[in-house]
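Peer 1: Encoded as structure tokens, here's the structure I'll be asking about.
The values are calculated or read from the model by the stated rules, or taken from the named source; none is laboratory data. Just so you know, these numbers come straight off a predicted model, no measurement behind them. Glycine gets a Cβ as well: all are built from the backbone with ideal geometry, and neighbour counts include every protein chain shown. The accessibility values were calculated without ligands, DNA or RNA, using every heavy atom of the protein model including side chains. Shrake-Rupley method; radii C 1.70, N 1.55, O 1.52, S 1.80 Å.
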Amino acid sequence: MVASRILVTGGAGYIGSHTAKLLRLEGIEPVVYDNLTTGNRSAVRWGPFVQGDILDGRHLIEVIEAHQPDAVIHFAASAYVGESVADPAKYYNNNVRGTLSLLDACRQTGVDKVIFSSSCATYGVPAVLPIDEATPQAPINPYGKTKLVAEHMLADYAAAFALNYVSLRYFNACGADPEGDLGEWHDPETHLIPRALMAAAGRIPHLEIFGEDYDTPDGTCVRDYIHVADLASAHVLAYRHLAKGGGNVALNLGTGRGFSIKEVLRTIGEITGHDVPVVFRRRRAGDPPALYADAGLACRTLGFLPRYSDLETIVRTAAPFFGLEVRS
Ligand SMILES: O=c1ccn([C@@H]2O[C@H](COP(=O)(O)OP(=O)(O)O[C@H]3OC[C@@H](O)[C@H](O)[C@H]3O)[C@@H](O)[C@H]2O)c(=O)[nH]1
């Protein structure tokens with residue numbers, strides 16, 4: 001008997017599937033709703049699966065009425081920055097129209113708690129570091145803009161209707177399930193750590209490093225890497241916050257520490273025993289030099305403290321999915 005049930009849109013994806021696993025461990029049934037365009041059916045193992053699109057409002061309402069979830073965790077989205085520049089319509093459609101369709105389905109069925117996957121991409125290139133939640137949100141690409149519009153929609157729906165929400169602004173999600181049940185897979189894979197591990201494993205000839213001339217300590221970009229298992233636990237905490245009547249809030253999910261690309265590659269070398277072959281390329285369009293969070297508000301509001309987000313644990317958990325052994 002499960003205490004409660006949550007609809008998890010995008011629950012067949014990378015962060016969604018890790019969260020679904022943790023929900024089940026916490027006694028909450030995850031009902032995964034995913035159209036499988038980027039999600040993976042084999043990652044849905046901790047509760048019922050319904051194949052569907054968030055743009056299909058009628059289907060969403062049927063699924064909510066059938067399963068009676070207490071809340072929705074909304075991961076389903078398109079999430080490639082570069083693609084969003086080339087094909088903005090896809091991003092406004094899936095991320096803005098899709099979220100609107102979901103919020104209307106919640107409103108019509110009386111689901112009054114929503115936890116939303118937002119992004120540090122909503123901040124653009126911040127004037128000041130670390131980034132706290134009061135930092136102006138000025139996204140520089142359509143992906144970040146669509147996430148920001150969705151945050152505004154949530155706030156406006158919460159003001160007008162009986163709806164409560166937590167928006168979670170992820171920094172750089174990475175790592176894999178510490179028990180080895182789930183890994184990181186994207187097709188195409190564009191993210192730094194998986195591509196570096198692919199290069200270390202010989203699956204691609206080398207990692208391209210986009211820019212060595214940034215105004216950072218070693219010239220490469222600095223990011224705040226947050227383990228997917230920590231992100232999963234923040235979603236459970238956000239649900240508990242709403243379930244006990246906590247207020248509407250947007251929270252950064254990061255560690256508060258930034259690491260350069262070269263620091264990440266050094267850790268991969270140390271943990272796997274394989275150097276990452278690299279070639280240096282020009283800067284990638286739209287990459288801010290450094291992004292890292294002030295993570296204090298999530299700690300104070302939810303009691304969120306990352307447990308797995310040191311670089312060594314990130315690499316230890318991620319490497320086996322690329323066929324790499326890790327040193328003990
Ligand atoms: O092959 C690669 C990939 C990435 N990188 C660099 O590594 C850093 C991290 O890049 P990633 O692509 O992993 O992640 P980003 O920092 O671009 O995150 C962004 O994309 C994914 C979204 O979900 C995030 O919200 C957004 O901030 C960047 O400086 C990037 O230029 C490389 O040098 N080579």
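Peer 1: When the residues of the stretch 140-149 are narrowed to those that are surrounded by fewer than 22 Cβ atoms within 10 Å (Cβ to Cβ) and of a type in the set (Val, Ile, Thr), which ends up farthest from the ligand (Cβ to nearest atom)?
Peer 2: Step by step, filter the stretch 140-149, then rank; the result is 149.
Peer 1: Another one. Residues in the stretch 194-221 that are more than 7 Å from the ligand (Cβ to nearest atom) and closer than 17 Å to residue 175 by Cα: how many?
Peer 2: Number of matching residues: 7.
Peer 1: If you don't mind, another one. Regarding the stretch 280-292, can at least one residue be identified that is open to solvent by 50 Å² or more (accessible area, probe 1.4 Å), away from the ligand (no atom under 11 Å from the Cβ) and charged (D, E, K, R)?
Peer 2: no
Peer 1: Exactly one condition in (1) open to solvent by 40 Å² or more (accessible area, probe 1.4 Å); (2) away from the ligand (no atom under 14 Å from the Cβ) is false for residue 317; which is it?
Peer 2: All conditions pass for residue 317, except number (1).
Peer 1: Test residue 207 against the criterion of being among the aliphatic types (A, V, I, L, M) and outside the structural domain of residue 278 (by the TED database), and give yes or no.
Peer 2: no
Peer 1: In the stretch 72-85, what count of residues is obtained for those that are at pLDDT below 95 and more than 11 Å from the ligand (Cβ to nearest atom)?
Peer 2: Residues in the stretch 72-85 being at pLDDT below 95 and more than 11 Å from the ligand (Cβ to nearest atom): 1 in total.
Peer 1: Would you pick out the residues in the stretch 205-220 that are under 11 Å from residue 279 (Cβ atoms) and open to solvent by less than 50 Å² (accessible area, probe 1.4 Å)?
Peer 2: Taking the stretch 205-220 first, the residues under 11 Å from residue 279 (Cβ atoms) are 205-210, 212.
Selection gives 207, 209.
Peer 1: Could you please find all residues in the stretch 278-310 being closer than 25 Å to residue 190 by Cα and not in a loop (DSSP other than H, G, I, E, B)?
Peer 2: 278, 279, 280, 281, 290, 293
Peer 1: Can you spot a residue in the stretch 103-117 that is of a type in the set (D, E, K, R), part of a helix (DSSP H, G or I), buried (at least 19 other Cβ atoms within 10 Å of the Cβ) and away from the ligand (no atom under 12 Å from the Cβ)? Even if it seems obvious, please write down each step before you answer.
Peer 2: Looking only at the stretch 103-117, we keep the residues that are of a type in the set (D, E, K, R), and these are 104, 107, 112-113.
Cutting the leftovers down to part of a helix (DSSP H, G or I) gives us 104, 107.
Right, trim to buried (at least 19 other Cβ atoms within 10 Å of the Cβ) and you get none.
Scanning the stretch 103-117, I find no residue that is of a type in the set (D, E, K, R), part of a helix (DSSP H, G or I), buried (at least 19 other Cβ atoms within 10 Å of the Cβ) and away from the ligand (no atom under 12 Å from the Cβ), so the answer is no.
Peer 1: So residue 152 fits all but one of (1) assigned by the TED database to the domain that holds residue 18; (2) farther than 16 Å from residue 232 by Cβ; (3) within 12 Å of the ligand (Cβ to nearest atom); what number is the exception?
Peer 2: (3)
Peer 1: Residue 129 fails exactly one of the following numbered conditions: (1) farther than 22 Å from residue 15 by Cβ; (2) part of a helix (DSSP H, G or I). What is the number of that condition?
Peer 2: (2)
Peer 1: Where the second residue is more than 8 Å from the ligand (Cβ to nearest atom) and assigned to a strand (DSSP E or B) and the first is open to solvent by 40 Å² or more (accessible area, probe 1.4 Å) and lies in the stretch 170-193, which pairs have Cβ atoms under 6 Å and are six or more apart or on separate chains?
Peer 2: Taking only residues 6 or more apart or on different chains, the pairs are 172/225.
Peer 1: If you go through the stretch 150-169, how many residues are small (Gly, Ala, Ser), farther than 29 Å from residue 260 by Cα and either surrounded by 20 or more Cβ atoms within 10 Å (Cβ to Cβ) or under 17 Å from the mean Cα position of the chain (by Cα) (or both)?
Peer 2: 1
Peer 1: May I pose another question? Condition test on residue 305, is it closer than 29 Å to residue 69 by Cβ, more than 11 Å from the ligand (Cβ to nearest atom) and open to solvent by less than 20 Å² (accessible area, probe 1.4 Å)?
Peer 2: Answer is no for this residue.
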